[in-house]
1. For a protection proxy built on the mean count of beta-carbon atoms within 10 angstrom, sort 46-54, 76-84 highest first, please.
2. Apply the Karplus parameterisation 6.51 cos²θ - 1.76 cosθ + 1.60, with θ equal to phi minus 60°, to every residue of region 98-105 and state each ³J(HN,Hα) to the nearest whole Hz, in sequence, with x for glycine and proline.
3. Setting aside same-chain residues fewer than 8 positions from Lys43, which lysines have a Cα under 22 Å from its Cα?
4. For Cα pairs less than 8 Å apart in space and 6+ apart in sequence, what is the mean separation divided by the residue count of region 1-62, i.e. the relative contact order in percent?
5. What is the distance in Å between the Cα centres of region 1-77 and region 78-115?
6. Can you list residues from other chains, or at least 5 along the same chain, whose modelled amide H is less than 5 Å from the amide H of Asn32?
7. Quote the charge dipole size of the chain about the Cα centre in Debye, to the nearest 20; the model charges only the Cβ of Lys and Arg (+1) and of Asp and Glu (-1).
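Read-outs throughout are calculated quantities, based only on the coordinates presented, and are distinct from any laboratory measurement. Everything numeric in this text was worked out from a predicted model, so none of it was measured. Here the Cβ positions follow ideal geometry from the backbone for every residue, glycine too, while neighbour counts run over all protein chains shown.
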Amino acid sequence: QVQLVESGGGLVQVGGSLRLSCAASGSIFSNNVMGWYRQAPGKSRELVATHTSGGSTNYADSVKGRFTITRENAKNTVYLQMNSLKPEDTAVYYCFIVTHGSVYWGQGTQVTVSS
């Protein structure tokens, strides 16, 4: 079993920054993928960014140049630095990890960008 604990959400003004953190624990294979999805009210879940344990990253077009995903493999922790935030970034952000052929999810953290 794998558990993920997220932190770092909150309320921020347009143009501001937030940093999300997600720590995974449990039975985790060294070769894995961690990342973030988000879901805004009334919308489907959107993949935001991914980071493999090998170092490859991928971003949604909507966040490229503004968000940066990093990770500490030794701690099984992934971070999402969000800069130049826009109202359309308002959503619940979910951390995930793909390991041993399964996907595990965090509880979600609310990010609200006010104009």
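1. Result, highest mean first: 76-84, 46-54.
2. Result, ordered by residue: 10, 8, 6, x, 10, 10, 10, 10 Hz.
3. Correct list for Lys43: Lys64, Lys86.
4. Values: 80 pairs, mean separation 14.6, N = 62.
RCO, region 1-62: 24 percent.
5. Measuring centre to centre over Cα atoms gives 6 Å.
6. Ser53, Gly54
7. On the way: 9 positive and 6 negative charges, 14 e Å.
Dipole of the chain, to the nearest 20 debye: 60 debye.
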